[in-house]
Each structure stands twice: as structure tokens, then as C-alpha cells.
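Read the structure below first, then the notes.
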Amino acid sequence: MKLKVSAFLAVAACSAIMLAAVAACAFPKGEPVDNRREGILIVAFGSSVPEGEAAITAVADAVKSACPDTEVRVSYTSRIIMRKIAREQGRVIDEPAIALAKMAYEGFTDVTVLSTHIIPGEEYDDLKAVVEGFRIISDTAPKAGFRRIGLSLPLLSSSADFERMAGVIADTYAAQGKSGAVVFVGHGTHHFADAAYSALQTALSRRSPNFLIGTIEGLPSYDDVLARLKSTKAKSVHVAPLMLVAGDHAQNDIAGDEPDSWKSTLTAEGYKVTPVLTGLGQNEAVQNLILDKLREALDSTR
Ligand code: CO
């Protein structure tokens, strides 16, 4: 009986993957194109620590399962990180402009750039400009560019996105949110898109006053989080990154042992602090949100 159940689950899982594959990557009917070569370029800020790269690999694996017939490549935007990986590990990772130039050279015709950014901030603006550049090349010198090039939106791009993300992280941390508070720490930015974090807080607060959003470089700030935390009755706090990867920021600024980390300062305030070192990219429900963004990008460029 046990075997049968697991066999059924295996079949169910397989057909779920196949459904996802059809939904994510099928071309519209009645549009045959000769020599079509489709590719997906995943773009992440990057990470040079294994725990951070694990989250990017997890996203890439989810995309590959959803799109088994499409070539999937990964590029980073942080030159510092790419140079560090090349120097220390001898691995070459391309930034988006180089990755796209190589794909054009290799004969890809239809390329979808999958942003893994959380908010449409400066990093995303830069990526958009690179894609725009390739669109101009494709329009003016088709042989040097692509037949089609699309770009997905970041995870927090609309009011519906705030609700979806709030639902996903509230579900993921339901148990921790009942026994104490959960603080999700995003990167934060001077860019206007920083407002996305406060909007996400609004959507999360509706689910539980124990879920708090903070950022390292923007708003809500650490002090904003502390003030809200004091208004809850929580004695214990889980601190989790609201970032694709649990990389340098998560390991040092959030969970580090230095006196100014979030873990240390909240501990000094009297809270029992448990750091979570898992990036959003490792959360299957977040991977599905990213696949939804991919799907939207594929639909709008085809
Ligand atoms: Co940073």
C-alpha cells in the first residue's frame, strides 16, 4: 500500500512537472518557425559563497524542470563576484550583455531573460537597459540579434505580487510566526522601488502582526522593525533573509557574530534570536512565483 501511494505520488509529481513544462515553455500553436532555437537566460546578482550559489542553482533547476526542451543559462550582474569566482574557482560566469552576445553568436533566435530580482530597483533597471540594447540590435541588425527577446518582471512588481509573496512567506513561516515573531530582512535601496518592502509589510501585517519586514539599506529600517517588534508580545524572533540567496548579507549583516549584526543587536534587546540561512530561491513556492514571471514574459514576447 505504501509503495502504491508513493508510486502514485511519483506519477502525480511527474505529470505536475510535465504540466508546468507545457505551461511555461510551449510555443503558441500555428506559428511554425524554421531554425528556431529557444533559450532562457537567468539573471541573478550572484553569490560567491556556496550557500548563496545553492539558491541560484535551485532556481535554475526549477526552470530546467519546467522547460526541459529549452537551454537554460545563468548570468550574474556583480562583476566583483564574477571576478572572485574566476580567480578562486576558475569558473567563468558571464554578465548579461556578454551572455546575450554569445547566445546571439551561437544562433539562438528566441531568448527570454529571467530576472530573479526581488524589486524593480537599480539592478533591474540596468538589466532592462541591456535587454533594450539587444532589442535595438535585433531590430536594426537582425543577424546580430534575436528574432525575439523578452524580459520577466521582478518578484515584487505589482500589488498582486505583494499579496502572493505575503501568502508564500506567511505559509512558509506559519509555525515560527505562532511561537514568536519572524523578521524578513530585504536588501533595501535608495531607489524608489524600496517602497515595495513597505507594501509587502502591509500585506503581511494583514496575515499576522508577528511578521515583520526590514531592510539593510532602505526602509523599513532596523529601528522601524525594533519598534514594531516591541509592540508584539514575542520573546523569540526568527530572522530570515528576504533575498534570493542567503549569501554575504545573510551570513554577516543578518546572522553574523559581530556586535552590529541583526542577530547580535536583537539578542542585546533581550530576544531569543534564531537566524534562518535559506535564500528565497531555495523556497519551492517562491520558485513557482519566479516560474509565473517567466510564463508571463514568454506569453508577452511571443
Ligand atoms: Co548589498
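If R0 is 35 Å, what FRET efficiency do you get for K128 and E284 from their C-beta distance, rounded to 0.05?
Details: r = 28 Å, r/R0 = 0.79.
It comes to 0.80.
Taking θ = phi - 60°, what integer Hz values does the Karplus form 6.51 cos²θ - 1.76 cosθ + 1.60 yield along the range 101-116, in sequence order, with x for Gly and Pro?
4, 5, 5, 5, 4, 7, x, 5, 10, 10, 10, 10, 8, 9, 6, 10
Any chance you could run the full-extension gain for T140 through Q89? It's 0.36 nm times the residue separation minus the Cα-Cα distance, nm to one decimal.
Values: separation 51, 0.36 × 51 = 18.36 nm, distance 3.88 nm.
Using 0.36 nm per residue and subtracting the Cα-Cα distance, I get 14.5 nm.
Could you list which residues have their amide H under 5 Å from that of V113, counting only those 5 or more apart in sequence or on another chain, with H placed in the peptide plane?
Residues meeting the amide H criterion: L41, G150, L151, S152.
Just subtract the alpha-carbon distance of D69 and S236 from 0.36 nm times their residue separation and send over the number in nm, one decimal.
On the way: separation 167, 0.36 × 167 = 60.12 nm, distance 4.65 nm.
Using 0.36 nm per residue and subtracting the Cα-Cα distance, I get 55.5 nm.
Please report the net charge: other residues with Cβ closer than 12 Å to the Cβ of G279, K and R +1, D and E -1.
Details: positive: none; negative: E51, E53, D248.
Taking every other residue near G279 into account, the sum is -3.
Can you list residues whose amide H is under 5 Å from L242's amide H, if they're 5+ apart or on another chain and H is modeled 1.01 Å from N?
Long-range HN contacts for L242: V185, G186.
Which loop trypsin sites (Lys or Arg not before Pro) in the range 168-256, with loop taken from DSSP, have no more than 10 other Cβ atoms within 10 angstrom of their Cβ? Kindly include the intermediate steps, with their values, before the conclusion.
Working: sites: K178, R206, R207, R228, K230, K233, K235; in loops: R206, R207, K233, K235.
Those satisfying the criteria are K233.
With N denoting the number of residues in the range 159-277, provide Rg(C-alpha) divided by 2.2 N^0.38 Å, to two decimal places.
On the way: Rg = 13.0 Å, N = 119, 2.2 N^0.38 = 13.5 Å.
In units of the globular-protein estimate, the range 159-277 measures up at 0.96.
In whole Å, how far is the Cα centre of the range 79-132 from that of the range 214-240?
34
Counting only GluC sites (Glu not before Pro) that are in a DSSP loop and have at most 15 other C-beta atoms within 10 Å, tell me the longest site-free stretch of the chain. Mind dumping the intermediate values first?
Numbers: sites that count: E106, E217, E269.
The segment 107-216 is the longest one with no such site.
Give, to the nearest whole percent, the P(r) tail of the chain beyond 30 angstrom, counting all Cα pairs. Please list the in-between numbers first.
Details: 16873 of 45451 pairs.
Value for the chain: 37 percent of Cα pairs lie more than 30 Å apart.
What is the count of Lys pairs in the range 33-149 whose alpha carbons sit under 22 Å apart, if the two are 8 or more places apart or on different chains?
On the way: K64/K102; K84/K102; K102/K128; K102/K143; K128/K143.
So the count works out to 5.
A short reminder: the numbers here are calculations on the coordinates, not readings from a lab. This structure is a prediction, so every number in the text was calculated from the model and none was measured. Positions of Cβ are generated from backbone atoms using ideal geometry, with glycine treated the same way; all protein chains shown enter the neighbour counts.
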